[in-house]
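Before we start, here is the structure in question, set down as structure tokens.
The values are calculated or read from the model by the stated rules, or taken from the named source; none is laboratory data. The shown structure was predicted, so the numbers you read here are calculated from the model rather than taken from an experiment. Virtual Cβ from ideal backbone geometry, glycine too; neighbours counted across all protein chains shown. Ligands, DNA and RNA are stripped out before the accessible areas are found, and what is left, the full protein with its side chains, is counted by its heavy atoms. Shrake-Rupley method; radii C 1.70, N 1.55, O 1.52, S 1.80 Å.
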Amino acid sequence: MRRVSAARAASVAGAWPAAAAAVGTLAAVLVLARQARPVVEAAAWSWRFAEQAPTTIIGPIGTARLAGCALLVAVLVAGWHAAAALGAGTAVAAELALLVTGVRDHAAPGWHLLLAVVVAVPLGGSLLLAARDGREQRPLPGRFWAAAAAMGLCASLSAAGTPLVAEQSDGLVLISNIPVARIGFGALALIALFSLAAVSALPAAVRRRAVVLLATVAALLATTQLGYDRAFVSVIDHPVLVNQPVMALMLAAVAATVVLALGALAVRLREGPTDFDRSPGDHLRSS
């Protein structure tokens, strides 16, 4: 029994840092796709209706965000976890500086700061936990990266949905909300599917924890959507808390905390106590 417990403990040791690194990587790819959506949408408008193409796509701040996200994903692909965590932390500091100094762009205040935090927390947390345990972070498998790339493509290319379904009549461009909504929610379903496909490439102990962290991030972003107009789902205009983003962030924090706590409890109940979880008295009784 002790040998079985020790083997199980060895299999789950370092599982939380590995899961956090995987989810942080998926979040980085998703944020990169989110930053690329305005460019994809503008390109689709230019292709369908040149007169409807925006003159300014994302501006200098948006360009810096897009370039920074692309560089961060490239660093993660190269396997430089420490540099990626440092870059994600720098992005958080830069977004915080923009928020404090009052520099505004087209996005609602605090939205891009939240996205930066969603990427930085799991990447930085995985690095700290791995360093505490004296473990090196292993590279993610190729199947994980293939699913992550497919997820990013779905998230970015779905921005072309609105101009692709638009129709021109008597010099006016008409947009039907129903096909746009179908494209948007279909893209969300594909993003969730490819995210699960990515974590399915991980070992079982890491996979269970990655699913918990994915659910936590999903709850955070879905609840935050209540306070930010056209944040991820472009068809949701004027959400219920659009004038109360702070309230939306508080609700999102509570929802994410509850999901994380319940998920961690479910993992513990599923796996049972490991050798590290037992007290010395338990070892004496088992022997």
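What whole-number volume per residue, in cubic angstrom, does the convex hull of the C-alpha atoms of the stretch 63-107 give?
In the stretch 63-107, the Cα hull volume divided by residue count equals 59 Å³.
Which FRET efficiency value, to the nearest 0.05, do you get for residue 77 and residue 103 by plugging their Cβ-Cβ distance into 1/(1 + (r/R0)^6) with R0 = 30 Å?
In this case the efficiency is close to 0.50.
Also, quick follow-up: Over the alpha carbons of the stretch 15-107, what is the largest minus smallest coordinate on each principal axis, giving the biggest first in Å?
52, 32, 18
Could you give the alpha-carbon Rg of the stretch 95-216 over 2.2 N^0.38 Å, rounded to two decimals?
Computed over Cα atoms of the stretch 95-216, the ratio equals 1.42.
Normalised by the residues of the stretch 60-128, what does the relative contact order come to in percent, with Cα pairs under 8 Å and at least six apart?
The normalised contact order for the stretch 60-128 reaches 37 percent.
Of 71, 76, 98, 174, which has the most accessible area with a 1.4 Å probe, and how do the rest follow in descending order?
71, 174, 98, 76
Hey, another quick one. Residue by residue through the stretch 148-161, which ³J(HN,Hα) values in whole Hz follow from phi under the Karplus form 6.51 cos²θ - 1.76 cosθ + 1.60 (θ = phi - 60°), with glycine and proline marked x?
Ordered by residue, 3J(HN,Hα) equals 5, 5, 5, 4, x, 5, 4, 5, 7, 6, 5, 5, 7, x Hz.
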